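Report on one structure; see the data block that follows.
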Amino acid sequence: SIDQPFRISPSRIARYFFHDCERFLRFSATPPTRRKADGIPEHKPDTSPVMEAIREAGYGWEEQVVEQLLKGKVLMASGKPGTSVRERRFDRNATLHYLRTANSSFIYQGLLRAPEGFYRRFGIDPSRINFSDNHPDLIAVETVGKQRRFRVIDIKRGDTAKAIHRIQILLYALELEEILATEHIEGVVDVVKGGVWLGRAAAPLDLDLDPVRPHVIRFLREDLSRICSGTADKVAWHLHFRCEWCDYFDYCRNETRSANNISRLAGLTGFGKRFLSKQGITTVHDLSQWLTQPTADEVLARCASLAGRGHLLRGQTTAFAQEMPVLHGAGS
């Protein structure tokens, strides 16, 4: 059916924030049955030897944490002989059982399924937008005083914690919080601090989730439904260096060139592009014409990343129009 809901997940939302791109979310969340009708381009995930090596190294570190560093403390689903650690995932019933009974242990790849309360809490229509089942790496269960406490921990082979780790962990924690309430499971979820177990670390690193909380809450309550309501060709997008990690990079790069889109301008931010789009500017030529207005610099001053850049933008648009370098001077 063409009415299948959009598919969303904590990892997809984290990538949306990483790319700062509504188009990525709209394209990747669109169900297969309506991709052609919505004009979503075909894409192939990166299966190059380099990416495969990166994935395998990540799986290897995950297994090392679970089988060696946490030996004897991990609750893990049983598998058929020869089943690798990363393929062992609890189903929903087993996950709920261990959420009720576990203590001083770690649940590995339990299944989280967003309950109705989660959708109600953030004003999301589950018939239009559906959160996929997901499996956080670890849910730590401990007793603090007389209270059972749950903390989500992500295993990452990298050596630094990133904002996208905090976003993904917070989303897991918010889902888990609603699951406990729905299923009347005793305990509280730590939604203030999560954990990330970085490569070669002996223990997980505490992650403060407060810095990303307002952005994630606003996204769930306002942006998610708006992005999935509009047509695919109307959502905001911008081509910049992080796009090289996106499956749709070639599509957007080709459009930037063929349409003379303002993404061609070096130094333009996604926020700056959205600001210019509200002025009716989508192409380099549009911008060149708009910059001739006497009030242009005054309008640019309302956007932090564009304020005071009128002189530079005029030089850039002239360079594209003439297809040759233009001197714009320099200051120090």
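The average projected area of segment 62-155, computed from the convex hull of its Cα atoms over all directions, is 7.6 nm². Helix 49-64 versus the longest principal axis of the chain: what is the Cα-based angle in degrees, 0 to 90, to the nearest 10? In the chain, helix 49-64 runs at an angle near 30 degrees to the longest axis. Axis angle, to the nearest 10 degrees, between helix 310-322 and the longest C-alpha principal axis of the chain: 70 degrees.
Note on the chain: along the principal axes its Cα atoms extend 69, 42, 40 Å, ordered by decreasing extent. For segment 213-305, the gyration tensor built on C-alpha atoms gives an oblate shape. Its axis ratio a/c (a ≥ b ≥ c) is at least 1.5, and a/b is not larger than b/c. Close amide H pairs (under 5 Å, H built 1.01 Å from N) link Arg309 with no residue at least 5 positions away or on another chain. Modelled spin labels at Ser258 and Arg113, positioned 7 Å past Cα toward Cβ, are 4.2 nm from each other. Kirkwood's formula applied to the C-alpha pairs of segment 265-311 gives a hydrodynamic radius of 10.6 angstrom. Above 24 Å lies some portion of the pair distances; for segment 125-278, what is it as a whole percent of all C-alpha pairs? Counting every Cα pair in segment 125-278, those more than 24 Å apart make up 51 percent.
In degrees, nearest 10, range 0 to 90: what is the angle between the Cα axis of helix 10-19 and the longest Cα principal axis of the chain? Compared with the principal axis, the helix lies near 30 degrees. Close amide H pairs (under 5 Å, H built 1.01 Å from N) link Lys193 with Leu209, residues at least 5 positions away or on another chain.
The phi-based Karplus calculation (6.51 cos²θ - 1.76 cosθ + 1.60; θ = phi - 60°) puts the 3J(HN,Hα) values of segment 165-172 at 5, 4, 5, 5, 5, 4, 5, 4 Hz, whole numbers, x for Gly and Pro. Taking a ≥ b ≥ c as the square roots of the eigenvalues of the Cα gyration tensor, segment 284-332 is classed as oblate, since a/c reaches at least 1.5 and a/b does not exceed b/c.
Dividing the radius of gyration of the alpha carbons in segment 133-201 by their Kirkwood radius gives 0.99 for Rg/Rh.
Listed cross-link partners Lys73/Lys146; Lys36/Lys273; Lys73/Lys193; Lys234/Lys278; Lys36/Lys234; Lys234/Lys273 are compared with a 24 Å cut-off, the Cα-Cα value being larger for Lys36/Lys273.
Couplings 3J(HN,Hα) for segment 124-137, derived from phi with the Karplus relation 6.51 cos²θ - 1.76 cosθ + 1.60 (θ = phi - 60°), are 9, 7, x, 7, 9, 9, 10, 7, 5, 4, 9, 10, x, 4 Hz, where x marks Gly and Pro. Bridging of Lys80 to lysines at a Cα separation below 28 Å is possible for Lys71, Lys156, once same-chain residues fewer than 8 apart are set aside. For Gln289 and Asp206, a Förster radius of 45 Å and the Cβ-Cβ distance give a FRET efficiency of 0.30, rounded to the nearest 0.05. Mean-square fluctuations from a GNM of the chain, with a 10 angstrom spring cutoff on Cα atoms, peak among Val85, Val144, Val299 at Val144.
If you sort the three axes of the alpha carbon gyration tensor as a ≥ b ≥ c, you get a/c of 1.5 or more for segment 5-130 and a/b no higher than b/c, which makes it oblate. Per-atom-type breakdown for segment 13-145 gives carbon and sulfur 49% of the accessible area (1.4 Å probe, protein chains only).
Rounded to the nearest whole Hz, the Karplus-based 3J(HN,Hα) values (6.51 cos²θ - 1.76 cosθ + 1.60, θ = phi - 60°) of segment 97-104 follow the sequence 4, 6, 5, 7, 10, 5, 7, 6, with x at glycine and proline.
Taking 0.36 nm per residue of separation and subtracting the current Cα-Cα distance, fully stretching the chain between Ala321 and His43 would add 96.8 nm.
The values are calculated or read from the model by the stated rules, or taken from the named source; none is laboratory data. Source: prediction; values computed, not measured. Neighbour counts run over all protein chains shown; Cβ positions are idealised from the backbone, glycine included. The area values use the complete protein model at the heavy-atom level, side chains included, leaving out ligands, DNA and RNA. Shrake-Rupley method; radii C 1.70, N 1.55, O 1.52, S 1.80 Å.
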